[in-house]
Amino acid sequence: MTTTTTPNLAPAPTSALSLSRTTATAARVLRQLRHDPRTIAMMILIPCVMLLLLRYVFDGSPRTFDSIGASLLGIFPLITMFLVTSIATLRERTSGTLERLLAMPLGKGDLIAGYALAFGVLAIIQSALATGLAVWFLGLDVIGSPWLLLLVALLDALLGTALGLFVSAFAASEFQAVQFMPAVIFPQLLLCGLFTPRDNMHPVLETISDVLPMSYAVDGMNEVLRHTDMTATFVRDALIVAGCALLVLGLGAATLRRRTA
Amino acid sequence: MVNKASGPPDDHDDSTDRGPAIPAVHADGLTVVRGPRTVLRGLAFDVPRGQITGLLGPSGCGKSTLMRSIVGTQAKVTGTLDVLGRPAGHPTLRTRIGYVTQAPSVYDDLTVRQNLDYFAAILAPGRAAADRRHSDVTQTITDVDLTTHADSLAGNLSGGQRSRVSLAVALLGAPELLVLDEPTVGLDPVLRRDLWNLFHDIAARRGATLLISSHVMDEAERCHRLLLMREGEILADDTPEALRTRTHADTVEEAFLHLVDQAVEASRAKEPTR
């Protein structure tokens, strides 16, 4: 942004999305996390430890590890980002900083994009480490490109951020916010095809799983696992996950009100 | 929200609505409903520019709701409420008003300077404004006397220090109108005196308008004008001296109590005629 000769007190315009306000918000969120190194360490290490655990749980059946491991690479970022975002935005609401920000020339889009950007960066680090560990050290057998695994993981993280942001509007306390995890994430976890292929489920459940975004995240991961090229199914799955993330981010923006009772 | 054209028609253009002719805040028939309760009942008042107006009244009388309405964060506001010549909540007002909520609203997991850096970047974004932001932040930290704590986490500060961080955020960008909700609650006498000196300095030097709420009546004497509130209505709108003279009281506190008694009697007198 190069507005060189603006007069000193020219009111800065409030547009729906301003690049510098978005990056300032993302930098602020990351700076907050930097003062909390334990959270960062847990976010980054726990998925790796879980994969390690899983690898030796399925010591005798590497095929199972391949399929579940790949699915989990997509599920971890979703869950982590969901939890972190829902608590972070809840804190923003309860501490009064959200009211203060919305009384300032900050677009709602800036705030949401800022959060998505900050947690996206964390998700990249988390997924890169987990994917690298799984593929190169734990012998996860991926036929496709690990980069595509990373792409799906990133989209999942975005979806998690979006869902967390959205549900935080309906939580009045941290207790309620963490309860949204079993409410929103567990059903998707059960129905996404992680435990049993989706077409083996009761037709009603299969239909439900067809409309849950995590199903497509796991499908996408499995496409990469089994095909060398980017298949049409993969592209469809990735687009569905990305579309859902954007849709929920939009819904999340609608829950941010400048005027509240 | 219904906003009729308000005040005398100003002869200069709408975009230069800084003239003293237009009050900083103009309210007429201002009503706010929160849930089943009517919190503000048809308020009509003006807040003049360049002065400190005290908003006084017992807890729960609607001070905070009135302040949130002026800042534009309160829902269900009806009637006329113009701020700096624009309807309250107008997007262009967002850089021109500084607002401090009752509870300090800052990020506890950021340092004082990081907090201010972020809010300054929201007010004046972009790399071109970086130098101006930096000097603004440094100046503001000095103004609230937190220079020695600039690199402490806000969460590690005392209650009074945290509320000063919150105040510092509101001072960023030299706003024309400062809306401060009980900014001196819980502060020691020395700090309170220093802050009131700062408020007077801001009004005199920058020509800014300050609207400061308090339920501590002795602070009322430090204001140029007072709005006394009770149960969502305005009891009096005058200078502290005029209030004391009118009610034959020695202090604003006595004047306030006198006016409350009068209001209670007046409402009792009305009751039986129903």
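The values are calculated or read from the model by the stated rules, or taken from the named source; none is laboratory data. In this text the structure is predicted, and so the values were computed from the model without any measurement. When we count neighbours, we look across all protein chains shown, and the Cβ atoms used for this are built from the backbone with ideal geometry, even at glycine. Side chains are part of the model used for accessible areas, which takes the heavy atoms of the whole protein and leaves out ligands, DNA and RNA. Shrake-Rupley method; radii C 1.70, N 1.55, O 1.52, S 1.80 Å.
Somewhere in the range A:248-257, is a residue on the phi < 0 side of the Ramachandran plot, within 14 Å of another protein chain (Cβ to nearest Cβ) and not in a helix (DSSP H, G or I)? Yes, the range A:248-257 has at least one match. Got at least one residue in the range B:81-89 being open to solvent by less than 10 Å² (accessible area, probe 1.4 Å), facing chain A (nearest Cβ under 7 Å) and aliphatic (A, V, I, L, M)? No, every residue in the range B:81-89 fails to be open to solvent by less than 10 Å² (accessible area, probe 1.4 Å), facing chain A (nearest Cβ under 7 Å) and aliphatic (A, V, I, L, M).
Scanning the range B:67-122 for residues that are of a type in the set (S, T, N, Q), assigned to a helix (DSSP H, G or I) and more than 27 Å from A:G114 (Cα to Cα) gives a single hit, B:S69. Look at (1) over 24 Å from A:L45 (Cβ atoms); (2) of a type in the set (D, E); (3) in contact (Cβ under 8 Å) with a residue 40 or more places away in the chain and you find that A:D199 fails only one, number (3). Listed residues A:A128, A:A118; which is more than 20 Å from A:T233 (Cβ to Cβ) and away from chain B (no Cβ under 14 Å)? Exactly one residue qualifies, and that residue is A:A128. Filter the range A:142-172 down to the residues that are under 28 Å from A:R63 (Cβ atoms) and among the β-branched types (V, I, T), then identify the one that is surrounded by the fewest Cβ atoms within 10 Å (Cβ to Cβ). Taking the candidates together, the pick is A:I143. Among the residues of the range B:225-252, those identified as in a loop (DSSP other than H, G, I, E, B) and either β-branched (V, I, T) or modelled with pLDDT of 95 or more (or both) are B:T239, B:T251. Please tell me if B:A128 is at the interface with chain A (Cβ under 7 Å from one of its Cβ atoms), over 30 Å from A:A261 (Cβ atoms) and modelled with pLDDT under 95. Against the criterion (at the interface with chain A (Cβ under 7 Å from one of its Cβ atoms), over 30 Å from A:A261 (Cβ atoms) and modelled with pLDDT under 95), B:A128 qualifies. Pairs are defined by a Cβ separation below 8 Å, a sequence spacing of at least 6 or placement on different chains, a first member in the range B:103-119 that is more than 7 Å from chain A (Cβ to nearest Cβ), and a second member that is assigned to a loop (DSSP other than H, G, I, E, B) and of a type in the set (D, E); the pairs so defined are B:T111/B:D151; B:V112/B:D151; B:R113/B:D151.
Considering only the range B:59-69, I want to know if a residue exists there that is more than 14 Å from the chain's Cα centre (by Cα) and either modelled with pLDDT of 90 or more or buried (at least 22 other Cβ atoms within 10 Å of the Cβ) (or both). Yes: one or more hits.
Here is a list: A:L106, A:L53, A:L90. Which entry is assigned to a loop (DSSP other than H, G, I, E, B) and either more than 9 Å from every other protein chain (Cβ to nearest Cβ) or not aromatic (F, W, Y) (or both)? Give the derivation first.
On the way: A:L53 fails: assigned to a loop (DSSP other than H, G, I, E, B); A:L90 fails: assigned to a loop (DSSP other than H, G, I, E, B).
Going through A:L106, A:L53, A:L90 in turn, just one is assigned to a loop (DSSP other than H, G, I, E, B) and either more than 9 Å from every other protein chain (Cβ to nearest Cβ) or not aromatic (F, W, Y) (or both): A:L106.
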